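Below you'll find the structure, written out as structure tokens, and then a few comments.
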Amino acid sequence: MMDTRKAGIKMSLMIGGTISFVNSLVGTLSSGRFTFGGFLLSFLISFLIGFGLGLLIPIKKIGDTLIRKNGLQPGTRKARLLEALVSDLVYSPIMTFVMVYLAYSQATSHGAKIPFGPMLLKSECISFVAAFILSFLLTPFYTKLIFKKSN
């Protein structure tokens, strides 16, 4: 049987990697200047931030505590929605802020005159929705995959 620390690391890698991949792809495509190198750099930075957050913040423990405190049954749709929200609130704001800041810095260093606030707000909204949906849909699948491999 796999210990919870190893399972948490694997889940952090899988969810963080998936969210980073999708958000990096959406971010570079929506910038209007998609380059494969830009996408790879965005993905790498985003992945490292997401993995680090997953290691530092006990997302599963927080989610489980909130599920208990709200009287929800683990594994139900409402519990999974709450778990996805917790994950999203941890990952999305920080990862998106860093990625938008890097993109903004690069664009303005090349003379672009773009406002940071609207760029950040739009990206935060897109990332929040995308990460929430991905977390909700993929966490049960990844959990089964992780624990199936350990048996």
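The values are calculated or read from the model by the stated rules, or taken from the named source; none is laboratory data. The model shown is predicted, which means the values in this text are computed figures rather than measured ones. Positions of Cβ are backbone-derived with ideal geometry, glycine not excepted, and every protein chain shown enters the neighbour counts.
The figures follow:
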item	result
Odd one out for residue 122, checked against (1) surrounded by 15 or more Cβ atoms within 10 Å (Cβ to Cβ); (2) over 30 Å from residue 3 (Cα atoms); (3) of a type in the set (D, E, K, R)	(1)
Condition broken by residue 65, with the remaining ones in (1) modelled with pLDDT of 90 or more; (2) surrounded by 15 or more Cβ atoms within 10 Å (Cβ to Cβ); (3) among the polar types (S, T, N, Q) satisfied	(2)
Scope the range 34-53; condition small (Gly, Ala, Ser) and buried (at least 16 other Cβ atoms within 10 Å of the Cβ); matching residues	38, 42, 46, 50
Selected residue (only one of 108, 76 is more than 28 Å from residue 141 (Cα to Cα), surrounded by fewer than 16 Cβ atoms within 10 Å (Cβ to Cβ) and of a type in the set (Ser, Thr, Tyr))	108
Qualifying positions in the range 134-144 - free of Cβ contacts under 8 Å to residues at least 24 places away in the same chain and either touching an Asp or Glu at 6+ places or on another chain (Cβ under 7 Å) or of a type in the set (A, V, I, L, M, F, W, C) (or both)	137, 141
Selection status of residue 92, hydroxyl-bearing (Ser, Thr, Tyr), in contact with a Phe, Trp or Tyr (Cβ under 7 Å, 6 or more places away or on another chain) and under 28 Å from residue 28 (Cβ atoms)	yes
Sole exception among (1) more than 27 Å from residue 3 (Cα to Cα); (2) modelled with pLDDT under 85 for residue 60, by number	(1)
Filter result for residue 141 (modelled with pLDDT of 85 or more, in a helix (DSSP H, G or I), aromatic (Phe, Trp, Tyr) and surrounded by 13 or more Cβ atoms within 10 Å (Cβ to Cβ))	no
Single residue of 140, 115 found to be more than 23 Å from residue 6 (Cα to Cα) and of a type outside the set (Lys, Arg)	115
